[in-house]
Amino acid sequence: MTNRKSPLYTRKGDTGKTSLFFGERVSKADLRVDALGTLDEANAMLGVCLGYCTNETLRNHLETIQKHLFQIGATLASKGKELPTARFPRIKASDVEWLEHLIDLFDSETPPLYGFILPGGTDLGAHLHLARSVVRRGERRIIALHERENQNSQVLAYLNRLSDFLFALARFVNHQNEVNEKPWKS
């Protein structure tokens, strides 16, 4: 056995506290930490989606989104303090517009939608639906945080668009694989 300190654990969180970007200690149950954890979960779900994705263009889009989620996390963890933008760029209106372009592109390739559909389909399609629902939860957490202290409005718009994009992409993937969507019926 080696005597070097493990980079995987510090024991600092054993009391239920964690550190934000600039060292401030907060409860792991803090709303900000909950939002950060939900973004991490969404990012992990995108990693699962990448495991099923063989299309290089789609893989590139999903990997870009993963990077954006890290950017959002860094912004949240900085608690309003400025980060070096060269290393931690902020989400901008152009990032939201990029998602809107992708939504329009993938939505134009699928049949019109006239009602609710049941999430599912191919492995990738089903996991994209799951990622979408995790992003929606993250959006709700960040909105709650925004109600307490002002957040970057582009982050709110980005997450709103991201869940729409993941929905459009799930439909596109299922359509490309000739998997029919199941409409919801009461």
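Any chance you could count how many residues in segment 6-35 are more than 23 Å from Ile143 (Cα to Cα), among the hydrophobic types (A, V, I, L, M, F, W, C) and in contact with a strand residue (DSSP E or B) (Cβ under 9 Å, 6 or more places away or on another chain)? Quick ask: steps written out before the conclusion?
Keep residues of segment 6-35 that are more than 23 Å from Ile143 (Cα to Cα), which gives 6-16, 23.
Subsequent filtering for residues that are among the hydrophobic types (A, V, I, L, M, F, W, C) retains 8.
Restricting the remaining residues to those that are in contact with a strand residue (DSSP E or B) (Cβ under 9 Å, 6 or more places away or on another chain) gives none.
Residues flagged as more than 23 Å from Ile143 (Cα to Cα), among the hydrophobic types (A, V, I, L, M, F, W, C) and in contact with a strand residue (DSSP E or B) (Cβ under 9 Å, 6 or more places away or on another chain) within segment 6-35 amount to 0.
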Is segment 58-68 home to any residue that is closer than 18 Å to Leu159 by Cα, modelled with pLDDT under 95 and out of contact with any Lys or Arg (no Cβ under 6 Å at 6 or more places or on another chain)? no
Based on this model, can you work out whether Val179 counts as of a type in the set (Val, Ile, Thr) and modelled with pLDDT under 95? yes
Of (1) on the phi < 0 side of the Ramachandran plot; (2) free of Cβ contacts under 8 Å to residues at least 12 places away in the same chain, Glu178 fails just (1)
All positions within segment 149-174 that are of a type in the set (Ser, Thr, Tyr) and either under 14 Å from His68 (Cα atoms) or outside any helix (DSSP H, G or I) (or both): Tyr158, Ser163
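Looking at Phe116, is it among the aromatic types (Phe, Trp, Tyr) and either touching a helix residue (DSSP H, G or I) at 6+ places or on another chain (Cβ under 8 Å) or closer than 24 Å to Thr57 by Cβ (or both)? Quick ask: steps written out before the conclusion?
Numbers: among the aromatic types (Phe, Trp, Tyr): yes; either touching a helix residue (DSSP H, G or I) at 6+ places or on another chain (Cβ under 8 Å) or closer than 24 Å to Thr57 by Cβ (or both): no.
Judged against the criteria, Phe116 is not a match.
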Report the residue count in segment 159-186 for those that are of a type in the set (Ser, Thr, Tyr) and in contact with a His (Cβ under 7 Å, 6 or more places away or on another chain). 0
Tally time: how many residues in segment 47-87 are touching a His at 6+ places or on another chain (Cβ under 9 Å) and within 19 Å of Arg137 (Cα to Cα)? 2
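Being under 27 Å from Gly120 (Cα atoms), of a type in the set (Lys, Arg) and in contact with a Leu (Cβ under 9 Å, 6 or more places away or on another chain) is the filter here; which residues of segment 137-186 pass it?
The initial filter retains those residues of segment 137-186 that are under 27 Å from Gly120 (Cα atoms), namely 137-142, 156-186.
So of that shortlist, the ones also of a type in the set (Lys, Arg) come out as 137, 140-141, 161, 171, 182, 185.
Once the filter is applied, which keeps residues that are under 27 Å from Gly120 (Cα atoms), of a type in the set (Lys, Arg) and in contact with a Leu (Cβ under 9 Å, 6 or more places away or on another chain), segment 137-186 yields Arg141, Arg161, Arg171, Lys182.
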If a residue has to be under 23 Å from Leu31 (Cα atoms), of a type outside the set (A, V, I, L, M) and touching a helix residue (DSSP H, G or I) at 6+ places or on another chain (Cβ under 9 Å) to count, how many in segment 55-88 make the cut? 8
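The values are calculated or read from the model by the stated rules, or taken from the named source; none is laboratory data. Everything numeric here is computed off the predicted structure, so don't read it as measured data. So basically every Cβ, Gly included, is an ideal-geometry build from the backbone, and we count neighbours across all protein chains shown.
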